[in-house]
Each structure stands twice: as C-alpha cells, then as structure tokens.
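All remarks here apply to the structure that follows.
The values are calculated or read from the model by the stated rules, or taken from the named source; none is laboratory data. Everything numeric here is computed off the predicted structure, so don't read it as measured data. Note: ideal-geometry Cβ built from the backbone for every residue, glycine included; neighbour counts use all protein chains shown. For accessibility, only protein heavy atoms count, side chains too; no ligands or nucleic acids. Shrake-Rupley method; radii C 1.70, N 1.55, O 1.52, S 1.80 Å.
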Amino acid sequence: MDLPTHADVIAAAARLHGHAVRTPLIRSDALDALTGGGIWLKAECLQRTGSFKFRGAYNRLAQLAPGTPVVAYSSGNHAQGVALAAKLLGMPAAIIMPHDAPALKVERTRAHGAEVIQYDRASQDREAIGAALSAERGAVLVPPFDDPHVIAGQGTVGLEVREQLAEHGLCADLALVCCAGGGLASGIALALGVPVITVEPEQYDDVARSLADGVIRSNAAFPPTLADALQAVAPSP
C-alpha cells in the first residue's frame, strides 16, 4: 500500500467540499476542569451517515471512473458511508455485513441503494469474501481503513480541527483518537502534525499491541453482542 501524505489529505478536502459536513468543534467545561487543560471535541456524530466514515468512502470512490462497481465489508459505519458515496456518485455497491450487525445500520445501508450480503463472522472471513466478490464482479474493493485514499479522507477531520482551533487563536498540543482499524488516527496524524494517542476498549487493544510488537496483532475474540451482555447481567427470575 502506498502511504498517504499531507498533500493527499488536502486533495481529499477539495473533493469532499460541498459533500461532507464541516462538523462543529465544541468545548466542555467539565472536561477542562477534570483535566486542567483545554479539551475540544470534534462532533463527527453529526457527519452524513452519523460517522466520519463517509469522508474516506467518498474520497476513495470519487477517484474511480463513473459507474465503477464497488465492494466493501463493514459492520455498519463504513457500510453506510460507502453506500451513500456510491449513491451520490452513481455507482453500484455491494456491502458485506455480518448477520449480527445492527438492524438499523443494515436497513440504512440498503436505503442508500446498496446490495447487502450477510455472512457469519464466527465461521467466515469477510476479507476473503470481499476479495472473491470483487474479482467475480470486476469491482473495486474499498476496505474500511487500510487504503491510502480512505485514510486521506478521514484525515480531513484533522484539517478541520486545525482550522477551527485557529479561528480561536489556538493550536493542538496532542489528539486523542478513538481507534479500531487506525484509518482515522493515521489521517488525523497526517493533518494535524501533533502527537496522536489512540484510544481503545480494555481487552480489545490490538492497535496498541501491534505498535508495541511491530507486527499486526488481533484481538482474541469479538466483544459479546449487546443481547449477550444484557443477558449476562439480567437478574435471575
């Protein structure tokens, strides 16, 4: 994979202009008091499809020829981002989603016109399914994070943060970024040029372990579904 650059993030911002929402950067007095610093929060929950994932998906698809079929795999947020980007750009999209993906996210992915193909995450490999399907259909595979164009698109979050802080006469000292695959954290690091600390759930810290070991590590198992978690804490009858 070619590594993305700061220039790629700038180019992604130009492609996304008028298509992605410039989400607000907000303060929290409570967090400032708790930390003794100035804490700003980037509200990407207000982005189209409710997630920053639209940015990377649109930046990737916008560089393909019109009408190019695309395939992606996702539990929900990347799925919706690719589905909406494909609809806006007039591309057929097939999204591979696990059977236990949130029903609302599956419905919203379909509502954008994408074909949803479901699989069993306990016994099937979504990456293998995606590779086979894209080869069969002559489609472009759009991974959720390990793609330079996707990373550059996510990096536009960091560009906006820098611009919004500058409007207040400020600049960031460091950024804490929620991290799963690492696309958002990588993009923000490119855009902001400050130390980035990735934030992961306890026991699912595969990124931290991968960075420490110098090789890609996986989590031992998927987190339990919400239904399983609720059942585990439900009082006995």
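Would it be correct to say that Val199 is touching a strand residue (DSSP E or B) at 6+ places or on another chain (Cβ under 6 Å), without any contact (Cβ under 8 Å) to a residue 24 or more places away in the chain and open to solvent by 50 Å² or more (accessible area, probe 1.4 Å)? Quick ask: steps written out before the conclusion?
Working: touching a strand residue (DSSP E or B) at 6+ places or on another chain (Cβ under 6 Å): yes; without any contact (Cβ under 8 Å) to a residue 24 or more places away in the chain: yes; open to solvent by 50 Å² or more (accessible area, probe 1.4 Å): yes.
Here the answer is yes, as Val199 does meet what is asked.
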I need every pair where a residue in the stretch 115-135 that is within 15 Å of Val70 (Cα to Cα) and hydrophobic (A, V, I, L, M, F, W, C) has its Cβ under 8 Å from the Cβ of a residue that is open to solvent by 60 Å² or more (accessible area, probe 1.4 Å) and modelled with pLDDT of 95 or more, sequence separation at least 6 or different chains. Val116/Arg110
Checklist (1) out of contact with any Cys (no Cβ under 8 Å at 6 or more places or on another chain); (2) surrounded by 15 or more Cβ atoms within 10 Å (Cβ to Cβ); (3) assigned to a helix (DSSP H, G or I); (4) without any contact (Cβ under 8 Å) to a residue 60 or more places away in the chain applied to Arg162, failing item: (1)
Inspect all residues belonging to the stretch 163-172 and state whether any of them is touching a helix residue (DSSP H, G or I) at 6+ places or on another chain (Cβ under 7 Å) and either of a type in the set (A, V, I, L, M, F, W, C) or more than 29 Å from Gln63 (Cα to Cα) (or both). yes
Restricting to helices (runs of 4 or more DSSP H) lying wholly in the stretch 36-149: which have 1 or more residues that are at pLDDT 95 or above, within 30 Å of Ala172 (Cα to Cα) and open to solvent by 50 Å² or more (accessible area, probe 1.4 Å)? 77-89
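From the list Ala79, Ala72, Ala86, which one is touching a residue at least 24 places away in the same chain (Cβ under 8 Å), in contact with a Leu (Cβ under 9 Å, 6 or more places away or on another chain) and within 18 Å of Gly181 (Cβ to Cβ)? Please lay out each step first, then the result.
On the way: Ala79 fails: in contact with a Leu (Cβ under 9 Å, 6 or more places away or on another chain); Ala86 fails: within 18 Å of Gly181 (Cβ to Cβ).
Result: Ala72 is the single residue among Ala79, Ala72, Ala86 that is touching a residue at least 24 places away in the same chain (Cβ under 8 Å), in contact with a Leu (Cβ under 9 Å, 6 or more places away or on another chain) and within 18 Å of Gly181 (Cβ to Cβ).
For Val177, state whether it is open to solvent by less than 80 Å² (accessible area, probe 1.4 Å), β-branched (Val, Ile, Thr) and out of contact with any Leu (no Cβ under 9 Å at 6 or more places or on another chain).
Working: open to solvent by less than 80 Å² (accessible area, probe 1.4 Å): yes; β-branched (Val, Ile, Thr): yes; out of contact with any Leu (no Cβ under 9 Å at 6 or more places or on another chain): no.
Criteria not met by Val177.
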Residues that are more than 17 Å from Ile188 (Cβ to Cβ), part of a loop (DSSP other than H, G, I, E, B) and free of Cβ contacts under 8 Å to residues at least 24 places away in the same chain: does the stretch 15-22 have at least one? yes
Among the residues of the stretch 15-30, the number that are at pLDDT below 95 and open to solvent by less than 60 Å² (accessible area, probe 1.4 Å) is 1
For the structure I just gave you, tell me whether Ala11 is over 16 Å from the mean Cα position of the chain (by Cα) and over 16 Å from Pro148 (Cβ atoms). no
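Condition first: outside any loop (DSSP other than H, G, I, E, B) and small (Gly, Ala, Ser). Now tell me which residues in the stretch 23-35 satisfy that.
Start the filter on the stretch 23-35 by keeping residues that are outside any loop (DSSP other than H, G, I, E, B), which leaves 25-27, 29-35.
Hits for the stretch 23-35 are Ala30, Ala33.
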Given the structure, is Ala12 in contact (Cβ under 8 Å) with a residue 40 or more places away in the chain and open to solvent by less than 60 Å² (accessible area, probe 1.4 Å)? yes
Looking at (1) at pLDDT 95 or above; (2) over 21 Å from Ala14 (Cα atoms); (3) in contact with a strand residue (DSSP E or B) (Cβ under 7 Å, 6 or more places away or on another chain), find the lone condition where Ala172 falls short. (3)
